[in-house]
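Asker: There's a structure below that I have some questions on.
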Amino acid sequence: MPDLSDRIILGMLTPSSNTVLEPTTTAMLAGLDEVTACFSRSKATEISLSDKGLAQFDHDRFLAAADLLGDAKCHSIAWNGTSAGWLGFDNDEALCARITENIHAPATTSILPNNDLFRRHGITKFGLVTPYTDDVQARILSNYQAAGFNCIAERHLGISDNYAFSEVTEAEVEAMCREVAAEGAEAISIICTNMRGAALAERLEAELGVTIYDSISVVVLRALELAGVDAHRLVGWGRIFRPE
């Protein structure tokens, strides 16, 4: 057992209807004895551009959930959600600033490290895989295009119910990844923290010759970095965890 004085606690903000990211995150961190993930939920059941759908991502809701994680003295706090994909990347920047100001812990999200890794790895042409509806997907594509990232292939499933994302099978995710890779994508972003992509990365990367940027994986990576933990110690979860 590690010295308890050395333990690292990651605070994870979670959409209320998400059933995939908690077990996946726990599995990813299983080999890091000193690291614990604590979760706090915020109401989110519908991914849409409706007033109801957008209101779920009001920053005050996140801050209330983050405040509870602050009681656990977390070393970093992460919003395990992809809402900035359609709300705009600056939305996550503002959220992280407010969390850090209120909780006094460095903060990140699922979208921001995805974009940072794209820049770090020189990715400009990518494939996008999501479960979202046409209009949400279009908004995500527009935001990435405006940021200088060219999506050359995409697949989405047309689903708005957040719980239903967890019912998408690994085989369906694999099929979408293979399709966008066949269209020339040099990297693939699986954008959704309630879809089963993280565990597929190692196998798909070997098969397709592209790097997989899964929304659960990238936030775990960045949360560890912010907490001062060497994320390269995670083995079997894809190229993003390997030394560059």
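The values are calculated or read from the model by the stated rules, or taken from the named source; none is laboratory data. Note that the structure is predicted; figures quoted are calculated from it, not measured. Cβ atoms come from the backbone with ideal geometry, glycine included; neighbour counts cover every protein chain shown. We work out accessible area using only protein heavy atoms, side chains counted, and drop any ligands, DNA or RNA first. Shrake-Rupley method; radii C 1.70, N 1.55, O 1.52, S 1.80 Å.
Asker: Starting from segment 200-220, keep only residues that are under 21 Å from residue 22 (Cβ atoms) and open to solvent by less than 10 Å² (accessible area, probe 1.4 Å), then list their pairs with residues that are assigned to a helix (DSSP H, G or I) and among the charged types (D, E, K, R) whose Cβ atoms are within a distance under 8 Å, requiring at least 6 positions of separation or different chains.
Answerer: 200/170; 200/174; 201/239; 212/205; 212/239
Asker: Pick from 132, 163: which is closer than 13 Å to residue 192 by Cα, open to solvent by 50 Å² or more (accessible area, probe 1.4 Å) and hydroxyl-bearing (Ser, Thr, Tyr)?
Answerer: Sole residue among the options that is closer than 13 Å to residue 192 by Cα, open to solvent by 50 Å² or more (accessible area, probe 1.4 Å) and hydroxyl-bearing (Ser, Thr, Tyr): 163.
Asker: Okay, next question. Restricting attention to segment 221-244, report how many residues are touching a helix residue (DSSP H, G or I) at 6+ places or on another chain (Cβ under 7 Å) and open to solvent by less than 50 Å² (accessible area, probe 1.4 Å).
Answerer: The number of residues fulfilling the criteria is 9.
Asker: Within segment 135-150, which residues are open to solvent by less than 40 Å² (accessible area, probe 1.4 Å) and either hydroxyl-bearing (Ser, Thr, Tyr) or under 20 Å from residue 195 (Cα atoms) (or both)?
Answerer: Answer for segment 135-150, where residues must be open to solvent by less than 40 Å² (accessible area, probe 1.4 Å) and either hydroxyl-bearing (Ser, Thr, Tyr) or under 20 Å from residue 195 (Cα atoms) (or both): 136, 137, 140, 144.
Asker: Got at least one residue in segment 50-67 being in a loop (DSSP other than H, G, I, E, B), within 20 Å of residue 198 (Cα to Cα) and open to solvent by 70 Å² or more (accessible area, probe 1.4 Å)?
Answerer: No, the conditions are met nowhere in segment 50-67.
Asker: For segment 207-244, how many residues are in a helix (DSSP H, G or I) and aliphatic (A, V, I, L, M)?
Answerer: Number of matching residues: 11.
Asker: Determine, yes or no, whether residue 181 is open to solvent by 10 Å² or more (accessible area, probe 1.4 Å) and either closer than 20 Å to residue 28 by Cβ or touching a residue at least 40 places away in the same chain (Cβ under 8 Å) (or both).
Answerer: So residue 181 passes the test.
Asker: Where in segment 92-206 are there helices (runs of 4 or more DSSP H), lying wholly inside it, with at least 1 residues that are under 30 Å from residue 66 (Cα atoms) and at pLDDT 95 or above? Walk me through it before giving the result.
Answerer: Working: elements: 111-121, 134-146, 162-165, 170-182.
Of the helices (runs of 4 or more DSSP H) lying wholly inside segment 92-206, those with at least 1 residues that are under 30 Å from residue 66 (Cα atoms) and at pLDDT 95 or above span 111-121, 134-146, 162-165.
Asker: So, in segment 33-49, exactly how many residues are in a loop (DSSP other than H, G, I, E, B) and either of a type in the set (D, E, K, R) or closer than 26 Å to residue 230 by Cα (or both)?
Answerer: Qualifying residue count, segment 33-49: 3.
Asker: Taking the stated definitions as given, is residue 193 in contact with a Pro (Cβ under 9 Å, 6 or more places away or on another chain) and not hydrophobic (A, V, I, L, M, F, W, C)?
Answerer: Details: in contact with a Pro (Cβ under 9 Å, 6 or more places away or on another chain): yes; not hydrophobic (A, V, I, L, M, F, W, C): yes.
Yes.
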